[in-house]
Amino acid sequence: MTTPIEVAVDQDAALAEIFGSQYGAMLRLAVLLGADDAEDIVAEAFYQLYRRWKKLREAGAAVAYLRSVVCNLTRMRLRHLQVVRRHATPDAGMLPGSSAETEALLQDDQRALVAALKELPARQREALVLRHWLGLREAEIAAAMGISCGAVKSHTSRGMAALTRVLEERR
C-alpha cells in the first residue's frame, strides 16, 4: 500500500516530466492561437492540471487535458481583450498578440503566415494550429475545441482556403 507522501512524490514527478516535455509545445500553441500573454496562459494551464490531477482518468490524459485548457484559456483571454479594446481608445502600436521579441525572431515568410493566421476567425485559427502545428487528428481537435468532427473539417477547410488566398496574393 502506498502512503500519501509516496503518491504526492509520484504526482510531482509525473507533473515535472510533463512540464519538461510539453511546456514548449503548449507555449507555441498559445502563441499561434493569438495569445499576447502566452507564458501566463501556459502557467495557468499547468496550475489547473496540478489542481485536477487526481480527477484525471489516467496520467496519459494529462497532455490532452493541458492542450484543452490552453485552448480554452486563450479563447477566454481573447474574448476579454476584445471587450476591453472595444471600450478603450484606439492606440497606435504593434499588432495585438505580438511582442517585439517574437516579431524579430520570425523570418519574412513566417511573419506573413502568422499575420495571415491572425486575420482568420478564432475557430479556424485554432483548428489549423491544432491540426498542422501539433499534428492532432480530427477527433483530438474536436475534443480540445469542444466541437464536432464535422465542424473541425469545416473550420480547417475554410481556414486553409483563406490562408491560400492571402499567401497567393503576397506572391
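Quick note: the coordinates plus some simple rules give every number you see, no bench work behind them. What you see is a predicted model, and the numbers here were worked out from it, not measured in a lab. Please note: Cβ atoms are built from the backbone with ideal geometry, for glycine as well, and neighbour counts cover all protein chains shown.
Selection among 144, 116, 155 by position relative to the dipole of the range 106-171 gives 155 as farthest towards the positive end (Cβ unit charges, Cα centre). Within straight-line reach of residue 118, meaning a Cα separation under 23 Å, sit the following lysines at least 8 residues removed in sequence or on another chain: 153. Between residue 56 and residue 44, the contour length at 0.36 nm per residue exceeds the alpha carbon distance by 2.6 nm.
Remark: the residue 111-residue 167 segment gains 19.0 nm on full extension, using 0.36 nm per residue and subtracting the alpha carbon distance.
Within a 10 angstrom radius of the beta carbon, how do 155, 132, 87 rank from fewest other beta carbons to most? The partial results should precede the final answer.
Values: 155 24, 132 14, 87 7.
The order, fewest Cβ neighbours first, is 87, 132, 155.
Listed by Cβ neighbour count within 10 Å, with the fewest neighbours leading, 145, 76, 160 appear as 76, 160, 145.
In which sequence would 153, 54 go, from the one with the fewest C-beta neighbours within 10 Å to the one with the most? Don't jump to the answer; show the numbers that get you there.
On the way: 153 15, 54 7.
Ascending Cβ contact count within 10 Å gives the list 54, 153.
Does the range 121-171 come out rounded, prolate or oblate by the C-alpha gyration tensor, with a ≥ b ≥ c the root eigenvalues, rounded set by a/c under 1.5 and, if not, prolate when a/b is larger than b/c and oblate if not? Verdict is prolate for the range 121-171.
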